[in-house]
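Below: the structure, in structure tokens.
The values are calculated or read from the model by the stated rules, or taken from the named source; none is laboratory data. Since the model is a prediction, treat every value here as computed from it, not as a measurement. Methodologically, a virtual Cβ is constructed for each residue, glycine included, from the backbone with ideal geometry; neighbour enumeration extends over all protein chains shown. Side chains included, ligands, DNA and RNA excluded: accessible areas come from the protein's heavy atoms. Shrake-Rupley method; radii C 1.70, N 1.55, O 1.52, S 1.80 Å.
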Amino acid sequence: MSEHTNLVPGRREATVEVHRSTPLAPLPSAPVVPVQPGTIPAVTSIVLPDGRVVTGYSREPAKPEPVAAKPPVSRAALNIALGGIGFGAVCGGLFLLTAFITALTALITQLITLAAVIFGGWVAVQVFSASGHSGGNTFNIRKAVFKRNHFHG
């Protein structure tokens with residue numbers, strides 16, 4: 001059931017619907033069966049800091065359910081799992097080894113190229129500087145004599 005009510009008279013027509021709840025019929029309840037404890041709990045008294053005494057029954061702490069024993073792992077499953085871990089480790093190690101060898105090869109190639117460039121530059125400096133000035137040891141190959149694998153200039 002709903003009824004319409006104006007909020008502010010004289011202004012715009014604003015209506016609000018008010019809903020009223022309908023009570024439900026009570027459900028039939030199950031009969032209450034008293035449960036007797038296995039043993040009579042002990043009565044405990046506690047003295048509060050302000051001097052009041054509180055008396056009541058003490059409760060035993062809740063005990064956790066016993067954990068069911070886990071089934072043993074089969075030896076074959078354990079071997080398969082360990083084999084998979086070992087295979088993954090070997091693959092990773094081989095990958096790292098090949099990466100290391102590739103990097104080492106690139107480094108050696110760069111060092112050889114650097115040595116060739118430096119030696120080529122040194123040779124070029126020697127060739128072009130020997131013709132530019134008269135210092136140093138200059139040999140005329142046409143006048144040189146080779147006797148028994150010895151050079152005599």
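Okay, here's what the table says:
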read-out: Condition check for Ser21: modelled with pLDDT under 85, open to solvent by 90 Å² or more (accessible area, probe 1.4 Å) and out of contact with any helix residue (DSSP H, G or I) (no Cβ under 7 Å at 6 or more places or on another chain); value: yes
read-out: Search result, residues across the range 54-84 that are under 16 Å from Ala42 (Cα atoms) and either free of Cβ contacts under 8 Å to residues at least 12 places away in the same chain or open to solvent by 80 Å² or more (accessible area, probe 1.4 Å) (or both); value: Val54, Thr55, Tyr57, Arg59, Glu60, Pro61
read-out: The one condition in (1) farther than 30 Å from Ala42 by Cβ; (2) open to solvent by less than 70 Å² (accessible area, probe 1.4 Å); (3) at pLDDT below 95 that Phe87 fails to fulfil; value: (2)
